[in-house]
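The block underneath contains the structure these notes are about, expressed in structure tokens.
The values are calculated or read from the model by the stated rules, or taken from the named source; none is laboratory data. Note that the coordinates shown come from a computational prediction; the quantities given were computed from them, not determined experimentally. All Cβ positions, even for glycine, are placed from backbone atoms using ideal geometry, and neighbour counts span all protein chains on display.
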Amino acid sequence: MKIAIIGAGFGGMAAAYDLKKAGHDVTIYESANYVGGLASGFKEPHWDWSVEKFYHHWFQTDSEMLGLIKELGWEDQVLFPRPLTVMYHKGKFYPFDSILKMALFPGLGFGLDKIRFGFVGLYLRLTNNWKALEKVTADSWMMKWAGKNVYEKMWKPLLIGKFGPFYRDVNMAWMWARIKARTTRLGTFEGGFQRFADLFAEKLRELGVGIRLGVGVESIKREYPGGHLRQDKLVVRSEGEAQSFDKVLVTTSPNLMAKLSPDLPENYLKGLLELKSMGAVVMILSLKHQLSKEGYYWFNLPKEAGYPMLALVEHTNFVSKEHFDGDHIVYAGDYLEVGHEYFSMSDEELLERFMPAFKKFNPAFERDWVKKVWVYKTNYAQPVPLVNHSKNIPAIETPIEGLYFASMSQVYPWDRGTNFAVEIGRRAARMMIGKQ
Ligand SMILES: Cc1cc2nc3c(=O)[nH]c(=O)nc-3n(C[C@H](O)[C@H](O)[C@H](O)COP(=O)(O)OP(=O)(O)OC[C@H]3O[C@@H](n4cnc5c(N)ncnc54)[C@H](O)[C@@H]3O)c2cc1C
């Protein structure tokens, strides 16, 4: 079969790999002039490694991604350090990434609240019954089982940070998936995610996959008699050119999918357009000095404590600054609704907004520590799963024959991640060749 894949993120590339190995003729269309999608990175000329535009790491439970890397023979290039994650309590940060550290965290006292926190965490790690959990909101479930105090100190700030105005509507299966699938050791690829994406693309090209970078697809349609193209093919139009295919897999956001294929039946289109998601704005700074003297990697920041961002992540407390010629790399990021002012602020304005907070991580911080700043924004960063969300997931096989759709919004009950992009990409590939 002649197959087109729209998007060279990890979902699209994983699908291309399996489809090509199964003997098909595969072309990937990618509107950007690089591969890797949301997990792509960039590199300054004096750095050896790339930095992800949006902070990225793997968990040890990411079996789809780690399995693919093993198949490709690159498992010796995966690193799993154990960086430090900290929680905020009354102006200070406390390590929070092991049972012992959690037991010592003063934010929940040392009585019943801590026990409830422990039991709820244990229950969620052990249960597999997410279908029952998706029927209620995380807000009401946590309030009931973890209790007001634990919920308000630990879980509510996370929900508010990730989902803003929708935080009360998110279902409990999302929280379950998050607790279930996370580990304290965090992984990356030698050279960064972009190097991995480039190696993968190179491998695909060697196998014979065509990767067309910088080609944005404008529409995907079945052409009708009278047209110059054969009627039994799907036609992919891009920048003044049309190509026909037997099957097409789209890996973009649901909104874009709806725009690319307006001939989809109303029900399917409505399903795509009703899915909610949050965007993200992330600033990356290269600094002359280390920000967290304690060597902390990930700071969880409650909005109510007045921080202008949700997370501060010191990348070079995860991977060595030697890979960046001694530069210290720090992310400051937030999940936001697309109309939020951060989307329209200039990099300079955003820096002014974020900078006062840096002194809270290190009182010695000064503006002249900042060597360079980059800002990345995306409208589609985090799907918002509402109650009974499993009923609202668009099918991978769309009602248009031969047209398939696999996105972050369909990996539910799991939270989005490159691991699940690989999983859904490969699942879509199996469906396309009738193996599932
Ligand atoms: C802030 C943030 C932090 C994250 N942290 C992590 C993490 O720590 N670990 C982790 O594993 N995952 C993380 N993720 C999630 C991860 O990036 C995604 O789940 C994954 O990259 C999705 O891959 P994908 O192939 O489904 O989609 P994408 O990567 O979005 O790929 C889709 C591709 O389609 C292309 N495209 C769009 N429109 C067109 C068009 N018209 N024509 C041609 N091409 C088009 C896009 O340019 C893009 O390359 C994070 C995401 C964000 C936003």
Quiz item: Would it be correct to say that A406 is among the aliphatic types (A, V, I, L, M) and either buried (at least 20 other Cβ atoms within 10 Å of the Cβ) or more than 26 Å from F245 (Cα to Cα) (or both)?
Solution: yes
Quiz item: Which of the residues spanning the stretch 198-212 are under 17 Å from K43 (Cβ atoms) and either in contact with a Phe, Trp or Tyr (Cβ under 7 Å, 6 or more places away or on another chain) or more than 14 Å from the ligand (Cβ to nearest atom) (or both)?
Solution: L199, E202
Quiz item: Looking at the stretch 428-436, is at least one residue within 12 Å of the ligand (Cβ to nearest atom), hydrophobic (A, V, I, L, M, F, W, C) and in a helix (DSSP H, G or I)?
Solution: yes
Exercise. Answer yes if at least one residue in the stretch 51-60 is away from the ligand (no atom under 11 Å from the Cβ) and under 27 Å from F358 (Cβ atoms), and no otherwise.
Key: yes
Practice problem: State whether the residues of the stretch 382-392 include one that is closer than 25 Å to W298 by Cβ, part of a helix (DSSP H, G or I) and basic (K, R). | Solution: no
Practice problem: Mind counting the residues in the stretch 413-422 that are more than 8 Å from the ligand (Cβ to nearest atom) and either surrounded by fewer than 23 Cβ atoms within 10 Å (Cβ to Cβ) or closer than 24 Å to P262 by Cα (or both)? | Solution: 3
Quiz item: Failed condition for K435, given (1) closer than 30 Å to H24 by Cα; (2) at pLDDT below 95; (3) surrounded by 15 or more Cβ atoms within 10 Å (Cβ to Cβ), with all others met?
Solution: (3)
Quiz item: Out of (1) surrounded by fewer than 21 Cβ atoms within 10 Å (Cβ to Cβ); (2) at pLDDT 95 or above; (3) in a loop (DSSP other than H, G, I, E, B), the odd one out for G67 is which?
Solution: (3)
Exercise. Output the number of the condition that F110 fails; it satisfies all remaining conditions of (1) farther than 30 Å from L285 by Cβ; (2) assigned to a loop (DSSP other than H, G, I, E, B); (3) within 16 Å of the ligand (Cβ to nearest atom).
Key: (3)
Practice problem: Could you please find all residues in the stretch 356-403 being farther than 30 Å from K92 by Cβ and β-branched (V, I, T)? | Solution: T378, V384, V387, I393, I396, T398, I400
Exercise. Identify, by number, the condition in (1) within 23 Å of V319 (Cα to Cα); (2) modelled with pLDDT of 90 or more; (3) surrounded by 14 or more Cβ atoms within 10 Å (Cβ to Cβ) that P95 doesn't meet.
Key: (2)
Quiz prompt | Flag if T85 is farther than 17 Å from F318 by Cβ, out of contact with any His (no Cβ under 6 Å at 6 or more places or on another chain) and of a type in the set (S, T, Y) | solution = no
Practice problem: Could you please find all residues in the stretch 264-281 being among the charged types (D, E, K, R) and away from the ligand (no atom under 16 Å from the Cβ)? | Solution: E266, K270, E274
Quiz item: Take the residues of the stretch 383-397 that are touching a helix residue (DSSP H, G or I) at 6+ places or on another chain (Cβ under 6 Å) and in contact (Cβ under 8 Å) with a residue 40 or more places away in the chain: which is surrounded by the most Cβ atoms within 10 Å (Cβ to Cβ)?
Solution: P385
Quiz prompt | Residue that is over 20 Å from M13 (Cα atoms), surrounded by fewer than 19 Cβ atoms within 10 Å (Cβ to Cβ) and of a type in the set (A, V, I, L, M), where the choices are L72, L79, L84 | solution = L79
Quiz prompt | Every residue from the stretch 138-159 that is part of a helix (DSSP H, G or I) and surrounded by fewer than 19 Cβ atoms within 10 Å (Cβ to Cβ) | solution = S140, M143, K144, W145, K148, N149, E152, L158
Practice problem: Specify the residue that is modelled with the lowest pLDDT; the eligible residues are those in the stretch 162-187 that are surrounded by 21 or more Cβ atoms within 10 Å (Cβ to Cβ) and closer than 20 Å to F93 by Cβ. | Solution: K162
Quiz item: Taking the stretch 315-336, which residues are within 14 Å of the ligand (Cβ to nearest atom) and in a loop (DSSP other than H, G, I, E, B)?
Solution: F318, V319
Practice problem: Within the stretch 1-28, track down each residue that is under 15 Å from S238 (Cα atoms) and surrounded by fewer than 24 Cβ atoms within 10 Å (Cβ to Cβ). | Solution: T27
Exercise. Give the residue that is farthest from the ligand (Cβ to nearest atom), with candidates limited to residues of the stretch 16-48 that are in a helix (DSSP H, G or I) and under 12 Å from F200 (Cα atoms).
Key: Y17
